[in-house]
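Enquirer: Take a look at the following structure, please.
The values are calculated or read from the model by the stated rules, or taken from the named source; none is laboratory data. Everything numeric here is computed off the predicted structure, so don't read it as measured data. Please note: Cβ atoms are built from the backbone with ideal geometry, for glycine as well, and neighbour counts cover all protein chains shown. In case anyone asks, the SASA skips ligands and DNA or RNA and just uses the protein heavy atoms, side chains included. Shrake-Rupley method; radii C 1.70, N 1.55, O 1.52, S 1.80 Å.
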Amino acid sequence: MYKNYCNQLEQQKQPQQEKMSDLAELWKKLSGAKYPDECKSLLKQCLTQELFDQLKDKKTSLNGTLADCIRSGAKNLDSGVGLYACDPEAYTTFKPLFDAVIKMYHKVDTINHPKPDFGDISKLDFGDIDPSGEMIVSTRVRVGRSHDGYSFPPCSNKEARIDMLKKTEEACATLPGELAGKMYRLEGMSKTDEQQLIDDHFLFKNDDRMLGDAGGYADWPIGRGIFHNPKKTFLVWVNEEDHLRFISMQMGGNLGEVYKRLVNGIQELEKKLTFAKKDGYGYLTFCPTNLGTTCRASVHIKIPKLSKLPEFKEFCEKLNLQPRGRFDNLIDDKYLYSNMEAYIFIDWSIFFCCHGYLNLTLKKKN
Ligand SMILES: Nc1ncnc2c1ncn2[C@@H]1O[C@H](COP(=O)(O)OP(=O)(O)OP(=O)(O)O)[C@@H](O)[C@H]1O
Ligand SMILES: NC(=[NH2+])NCCC[C@H](N)C(=O)O
């Protein structure tokens, strides 16, 4: 009996000890890298020795540690951000670090997100932003959500992911009208079907090294899934980067329709599911870049001549736009600039509920 008890204690101690040496190694690599030549991530800029000492022994109630939050950023010194939350409580337990990164990334002096509010969708002041139908190929709006009480990828496991998938499947089964559809689990999905969904821009893939190092692809494809209605205009991603991504998309530029459908879908699902949020921060996501409204609106526009110009990236930066290519990771690649048929996504990321960001007027077709 006593031996059993000691064994149990030993087993409980083991992971913590491993995590500690893991933290020492990660910190050695991150702090040893020279700023800005070897590493210029926000994590590198914000995690000082003093802050590290202050946070190194802290743990969330779900057992998440500082190592879990910085592992990806320390392993990938080329990260832009480098920090992920181990679970929703990380934003409180490791507050000084998260706050510093959030302020820098979202360019705000204080963190004071208003209460989440979709606005009155019966009175939207935006509808079709390309009535001519000449410029916009498709429009997509997505938000991220986290199930309350569950760890994020660095501390999650197979059972928790399966549990979240089932929970979401049950909730999605209650969706009415045009939102109704079916959950397709990645486990067991044929490679051809999976690739087709990826090629048609509906499904996620598992090829992000930084997300992988944060535990995002553990036990892949177990516990992952995609729900969609028959028209594929309302979709739910389960256990990709976030526990949940709700997506509304359709061909053309009717942003109003897309946004309304998304809000309707979320409001239905909110009747069944509880999402992690925090006063002053909005909805809590795995990556601090998505925090707040967690909303990203994008249009898919064909701008072959503009995207070919060497100053294209600079041009987008000035307008606060984030271009993403058809072959998303190749935005810097010569291929994109030389490919006349390349598609570009213009993304509007919205942190502090600024619908104003959506009032961008698209100029003439080029
Ligand atoms: N306006 C759009 N029309 C059609 N497909 C789109 C549009 N915007 C994005 N997509 C597609 O959605 C998929 C996901 O893209 P991406 O990873 O950029 O989006 P995201 O959900 O905002 O995720 P992230 O967390 O990486 O920002 C990709 O296949 C992309 O091509
Ligand atoms: N999909 C995202 N959350 N992208 C933003 C950050 C990605 C990566 N962790 C970095 O630090 O550069």
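Enquirer: Explain nothing, just compute: Karplus ³J(HN,Hα) = 6.51 cos²θ - 1.76 cosθ + 1.60, θ = phi - 60°, for every residue of the stretch 161-173 in order, whole Hz, x for Gly and Pro.
Expert: Coupling constants for the stretch 161-173: 5, 5, 4, 5, 5, 5, 4, 5, 4, 5, 5, 5, 5 Hz.
Enquirer: Counting only protein heavy atoms and a 1.4 Å probe, tell me what percentage of the stretch 16-106's accessible area is made up of carbon and sulfur.
Expert: 50 percent
Enquirer: I would also like to ask the following. Please get the size of the charge dipole for the stretch 16-106, origin at its Cα centre, with Cβ charges of +1 on Lys and Arg and -1 on Asp and Glu, quoted in debye to the nearest 20.
Expert: 120 debye
Enquirer: Using modelled backbone amide H atoms (1.01 Å from N, in-plane), which distant-in-sequence or interchain residues come within less than 5 Å of residue 184's amide H?
Expert: Those lying under 5 Å, H to H, from residue 184 are 226, 227, 228.
Enquirer: So for the stretch 16-106, averaging the separation of alpha carbon pairs under 8 Å that are six or more residues apart and normalising by length, what relative contact order in percent results?
Expert: That works out to 33 percent.
Enquirer: Same structure again: About the Cα centre of the stretch 205-326, how large is the charge dipole given +1 on each Lys and Arg Cβ and -1 on each Asp and Glu Cβ? Please answer in debye to the nearest 20.
Expert: I would put it at about 540 debye.
Enquirer: Could you sort 35, 217 by their accessible area in this structure, using a 1.4 Å probe and putting the largest first?
Expert: Most to least solvent-accessible, the answer reads 35, 217.
Enquirer: Rank these residues by their accessible area, most exposed first, probe 1.4 Å: 189, 104.
Expert: So, going from the largest accessible area down, we get 104, 189.
Enquirer: A further question on this structure: Explain nothing, just compute: Karplus ³J(HN,Hα) = 6.51 cos²θ - 1.76 cosθ + 1.60, θ = phi - 60°, for every residue of the stretch 314-319 in order, whole Hz, x for Gly and Pro.
Expert: Values per residue, Gly and Pro as x: 4, 4, 5, 4, 4, 8 Hz.
Enquirer: Kindly report the accessible area of the stretch 180-294 per residue (heavy atoms of protein chains, probe 1.4 Å, no ligands, DNA or RNA), in Å².
Expert: Counting only protein heavy atoms, the per-residue value for the stretch 180-294 is 39 Å².
Enquirer: Leaving out ligands, DNA and RNA but keeping every protein chain, what accessible area does residue 277 have, in Å² rounded to the nearest 10, with a 1.4 Å probe?
Expert: Counting only protein heavy atoms, residue 277 exposes about 120 Å² to solvent.
Enquirer: Please give the solvent-accessible surface of residue 192 in Å², to the nearest 10, using a probe radius of 1.4 Å with every protein chain present.
Expert: 100 Å²
Enquirer: Would you mind getting the accessible area per residue of the stretch 16-106, heavy atoms of the protein chains only, 1.4 Å probe, in Å²?
Expert: Working: 4160 Å² over 91 residues.
Result: 46 Å² of accessible area for each residue.
Enquirer: Also, I was wondering about something else. Under 8 Å for C-alpha pairs, at least 6 residues apart: give me the relative contact order for the stretch 167-310, rounded to a whole percent.
Expert: With pairs under 8 Å counted, the relative contact order is 18 percent.
Enquirer: Something else: Once every Cα of the stretch 16-106 carries one equal point scatterer and solvent is ignored, give the base-10 log of I(q)/I(0) from the Debye formula at q = 0.16 Å⁻¹, two decimals.
Expert: Values, matching the q order: -0.56.
Enquirer: List, in the order given, every pair from 205/278; 58/95; 59/205 whose Cα-Cα distance in the structure shown is over 21 Å.
Expert: With Cα atoms farther than 21 Å apart: 205/278; 59/205.
Enquirer: Can you list residues whose amide H is under 5 Å from residue 138's amide H, if they're 5+ apart or on another chain and H is modeled 1.01 Å from N?
Expert: For residue 138, whose amide H was placed from the backbone, the distant partners under 5 Å are 252, 300.
Enquirer: For the stretch 55-174, what is the convex hull (Cα atoms) projected area averaged across all directions, in square nanometres?
Expert: Value for the stretch 55-174: 12.0 nm².
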